[in-house]
Structure formats: structure tokens, C-alpha cells
Amino acid sequence: MGRLDGKVAIISGGARGQGATEVRFLTREGAKVVFGDILDEEGMKVEAEIRELGGEATYVHLDVTEEAQWQAAVQTAEERYGKLDILVNNAGILIRKGLEETTVEDWERIMDINAKGVFLGSKSAIPAMRRAGGGSIINISSTAGLVGSPNGSPSYTATKGAVRLLTKATAIQYAGENIRCNSVHPGPIDTPMIQDTINDPSRLEQRMQRLPLGRVGTTEDIAYGVLYLASDESSFVTGSELVIDGGTTAS
């Protein structure tokens with residue numbers, strides 16, 4: 001018996017890194033997963049890998065800034081697998097620039113993907129979850145959505161703060177329909193997003209000084225949290241923040 005037997009999920013940004021690990025974890029626990037990205041070749045490889053292992057997954061092209069593509073992903077889930085129970089708003093980008101170096105174009109792009117993308121995903125999924133009798137929305141925020149950082153990206157921090165409070169508003173407004181919504185707040189995770197830090201010894205040492213557990217997190221660390229929030233084990237959890245950061249924000 002898998003922890004998600006009978007569940008159907010959509011995951012954005014699922015072609016690589018953290019998203020791909022989430023797809024693997026959810027299918028391994030019995031969920032049928034529609035996952036999207038703009039990296040079609042990588043996404044198709046993940047789909048093939050999961051199917052070879054006996055899992056049920058379908059890759060779709062999904063630009064999270066396009067409402068029609070979100071609606072198509074939801075339609076695929078309902079038509080192919082019969083319903084939609086879980087949404088993981090995972091897609092996101094980082095623009096590593098200081099406030100004064102950030103252009104208007106940078107700001108609009110990161111807001112479009114990181115904040116508007118979560119809004120559109122939730123807006124598109126909620127009617128399907130209502131038809132299914134409830135559901136779980138999991139929004140991937142960041143420790144940057146909780147606290148500022150002296151070397152952080154102000155635009156990224158702003159988007160992740162938006163995701164944190166959009167999560168709470170969604171949770172309160174849809175609790176009566178048995179639709180839960182929670183945010184996950186990863187610390188530094190070994191993904192392509194922070195390879196520049198991991199590959200720079202001085203920057204990595206600075207980061208490690210703020211990491212009580214003394215290591216960078218893995219995509220599996222985050223996927224275990226997502227799995228919990230996706231499952232019925234968290235049926236009394238909504239509007240909350242699951243911080244998975246090695247203790248970074250504890251001091």
C-alpha cells in the first residue's frame with residue numbers, strides 16, 4: 001500500500017531537480033502524476049523513467065505564466081486519471097541581483113513565474129479539487145519567504161513572501177471545501193538553482209556558517225515534506241509553513 005494510492009497530482013517544474021524528485025516520490029507512493037515544465041526533452045526522460053519502474057506519470061508542456069496551459073494540464077489529469085487531488089506549485093527561478101541592479105524586466109519575469117505561476121496553478125486546480133471533494137495544494141516557497149538575507153536576492157525574496165501569504169489566504173478561503181493549502185520553505189538545496197554557490201568555496205563556507213546541521217539539503221529532504229502534505233496524514237494541516245532548512249532560520 002502506498003501513502004498516495006488512489007490520488008492524482010499535478011506538479012509544475014517537474015523536469016529536473018527538486019520537481020523531478022517530487023514526481024518520483026509521489027508516483028512511488030501510488031499517485032498518478034501529471035507534471036509539467038518548459039524543458040520538454042528532460043521532462044519526457046523523467047516520464048519514461050517512471051513508467052519503466054511501473055509508475056503512472058504523464059509529462060505536459062507547462063509554462064506556469066500561461067493560464068491556458070494550466071487549464072490544459074488540469075484537463076489532462078481529469079481526462080486521463082479521472083480527478084485531481086494534489087497540486088504542487090514547484091516551478092520557480094532565481095535572479096541573483098541586488099535591489100539596485102534588478103531591472104524592471106527582471107522584476108516582472110520573476111514575479112510572473114514565482115508568484116503569478118502559483119496563483120494560476122491554484123486558480124486552475126481548485127475547481128477540479130472541488131469536483132473531487134477536496135484536495136491538497138502545496139506551494140514551494142523558501143526560507144527567503146520568511147526572512148531577509150544580507151546576500152539574498154530582493155526580487156526572489158519578494159516572490160517567496162508572496163507565495164507564503166497567498167498560501168494562507170487560500171487555506172482560509174477554501175478550508176470549508178476540504179481543500180488544504182500549505183507552504184514548504186526549503187533552505188539551501190543541492191539543485192541547479194544554487195550551483196553557483198556550491199561551486200564557489202568562499203560563498204559555500206559563508207552559507208555553511210549559517211547552517212546548524214552543517215550540510216546543504218537534498219531534493220529528497222524536500223520531497224519527503226511534500227509527500228507528507230500531499231497525503232491524508234496531514235489532513236488537519238492547512239495554512240502552515242513546513243520549514244526544511246537545516247536550522248538556518250532557527251537563530
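Only the coordinates and a few stated rules stand behind these numbers; no lab work does. Owing to the predicted nature of the structure, the values given are computational and were not obtained by experimental measurement. All Cβ positions, even for glycine, are placed from backbone atoms using ideal geometry, and neighbour counts span all protein chains on display.
Show me 233-246, 107-120 ranked by packing, highest mean number of other Cβ atoms within 10 Å first.
107-120, 233-246
In a simple Cβ point-charge model (Lys, Arg +1; Asp, Glu -1; nothing else charged), the range 33-104 has a dipole of about 160 debye relative to its Cα centre. Only helical runs count toward this figure. For the chain, summing -39,500 (n - 2.57) over DSSP H runs of n ≥ 4 and dividing by all residues gives -13500 deg cm²/dmol at 222 nm.
Excluding same-chain neighbours fewer than eight residues apart, the lysines reachable from K116 by a Cα-Cα span under 21 Å are K97, K160, K168.
Cross-link reach is defined here as a Cα-Cα straight distance under 16 Å, omitting same-chain residues fewer than 8 places apart; for K7 the aspartates and glutamates meeting it are E22, E29, E56, E78, E79, D85, D232, E233. Cα centroid separation, the range 163-186 to the range 109-136: 11 Å. What separates the Cα centres of the range 26-105 and the range 208-234 is a distance of 20 Å. Counted residue by residue at 0.36 nm each, then reduced by the alpha carbon distance between them, the extension gain from M1 to D106 reaches 33.2 nm.
On the basis of the beta-carbon distance and an R0 of 22 Å, E56 and K123 show a calculated FRET efficiency of 0.30. The angle between the Cα long axis of helix 154-174 and the main principal axis of the chain comes to about 30°, on a 0 to 90 degree scale. Summary of packing: across the peptides 160-170, 125-135, 211-221, the per-residue average of other C-beta atoms within 10 Å ranks them, highest first, as 160-170, 125-135, 211-221. Calculation over all alpha carbon pairs of the range 41-142 in 5 angstrom steps from 0 returns a P(r) of 2, 12, 18, 20, 19, 13, 8, 5, 3, 1 percent. Simple point charges give the picture: +1 on the Cβ of Lys and Arg, -1 on the Cβ of Asp and Glu, and for the chain a dipole about the Cα centre of about 660 debye.
Each listed q (0.13 Å⁻¹) maps to a log10 I(q)/I(0) for the chain, found by the Debye formula over equal Cα scatterers with no solvent: -0.76. Given their separation in residues at 0.36 nm each and the Cα-Cα distance between them, Q173 and Y228 gain 17.6 nm when the chain is fully extended.
Taking 0.36 nm per residue of sequence separation and removing the Cα-Cα distance, the Q209/E66 pair yields an extension gain of 47.5 nm.
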